[in-house]
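Step one of this worksheet: look at the structure below.
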Amino acid sequence: MVSAADLAGRTFLVTGANSGLGRATVEALAGRGGAVVLASRSEERTRPVLETIRQQYPAADARFLHVDVSDLRSVRRAAESLLHTGQRLDVLVNNAGVAGTRSLSADGFDLTFATNHIGPFLLTSLLLPRLLDAPQGRVVNVSSVAHLRPKAIDWTGLERRDTAKRSGFPEYGVTKLMNVLHAKELTRRLGGTRVTTYALNPGGVASNIWRTLPDLVQRILKLFLLSNEEGARTQVHCATAPELVDVSGRYYEKLHEARCNPLADDATLARELWTRTEAAIAEADRRTT
């Protein structure tokens, strides 16, 4: 049985923490004594979550961090703000995500790719120094069973565009494959450190990731999905389980290691993704300076 305060002294940053899986995750972590940083785009929409946590757990250390993970400038400001405080950081949960978009990010990327991969990639890179300082840092990437579908990666998803196109389930699946590749490549690059990485499928969850779909489609879809609390269990497990301290770069679902897309185990593909993502971010930086 988990101790009520077994996470005391540890700090967790969760993106997309104002609703859905993110909200369920920070509430579960705070309930076990962890300090939580609720990273999201809207302080107004995050305030009720903070209030709920503080009411249920009066001693909880819970705070808001403004970040729009689809906006590289916002990601840099958020990372700088957290690093400037000197606050400890033990675990980063890259939870924020979106599906079914037809929009461009502030930097000109397809919004699905910007939100699900490019922004989290940058945020992770910027916060790594603080995670490396932790007794046992962790990076948890929330992927999806959809990552099993792609047979290849269309690299145009990492290119800036002038016109938005519909980004559907195939594109969503590619971004979720990128989440797994990112976690595995991080493990290779962080070998010999105390930071471990994980990717996971939370299951089919009735979360706000479906918010861009028509209302009727959302209502029908959610009839067949898990609750956010059920879906959050695997990411909380990856973020906290003591038995995973010496395990890294694996993919999980339903609290157990699971089979991932064979492409996710391709180290050459993972290195190419890393190089192309860094180049995309650098190009966006040049265009906006």
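Below are the figures for this structure:
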| item | result |
| --- | --- |
| Approximate spin-label separation residue 6-residue 47, in nm, with each point projected 7 Å along Cα-to-Cβ | 3.6 nm |
| Residue-by-residue Karplus 3J(HN,Hα) for region 237-242, coefficients 6.51, -1.76, 1.60, Hz, glycine and proline x | 4, 5, 7, 10, 4, x |
| Within the accessible area of the chain (1.4 Å probe), percent carbon and sulfur | 51 percent |
| Per-selection metrics, region 128-198 (Cα): Rg and Dmax in Å | 15.1, 45 |
| Distant-in-sequence amide H partners of residue 65 (H built 1.01 Å from N, under 5 Å) | 38, 39, 40 |
| Difference of contour (0.36 nm per residue) and Cα-Cα distance, residue 54 to residue 271 | 73.9 nm |
| Whole-Å semi-axes of the ellipsoid equivalent to region 45-132 (Cα gyration tensor, √5λ, descending) | 25, 18, 11 |
| Cα coordinate range in the chain, projected on the principal axes (Å, largest first) | 48, 48, 41 |
| The chain - accessible surface per residue (Å², probe 1.4 Å) | 45 Å² |
| Net charge of neighbours whose Cβ lies under 13 Å from the Cβ of residue 80, counting Lys and Arg as +1 and Asp and Glu as -1 | +4 |
| Relative contact order (%) - the chain, alpha-carbon pairs under 8 angstrom, separation at least six | 18 percent |
| Pairwise centroid distance, computed over Cα atoms, of region 119-168 with region 233-276, Å | 13 Å |
| Share of alpha-carbon pairs per 5 Å distance bin for region 1-147, given as whole % | 2, 10, 20, 23, 21, 14, 7, 3, 1, 0 |
| Placed amide H near residue 200: partners under 5 Å, 5+ positions off or other chain | 141, 143, 252 |
| Average projected area [Cα convex hull, region 101-142], square nanometres | 3.3 nm² |
| Where Cα atoms sit under 22 Å apart: lysine pairs in the chain separated by 8 or more or lying on different chains | 9 |
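The values are calculated or read from the model by the stated rules, or taken from the named source; none is laboratory data. Since the model is a prediction, treat every value here as computed from it, not as a measurement. Using ideal geometry, Cβ is built from the backbone for each residue, glycine included, and neighbour counts are taken over all protein chains shown. Accessible surface is based on the protein model in full, side chains and every heavy atom, while ligands, DNA and RNA are left aside. Shrake-Rupley method; radii C 1.70, N 1.55, O 1.52, S 1.80 Å.
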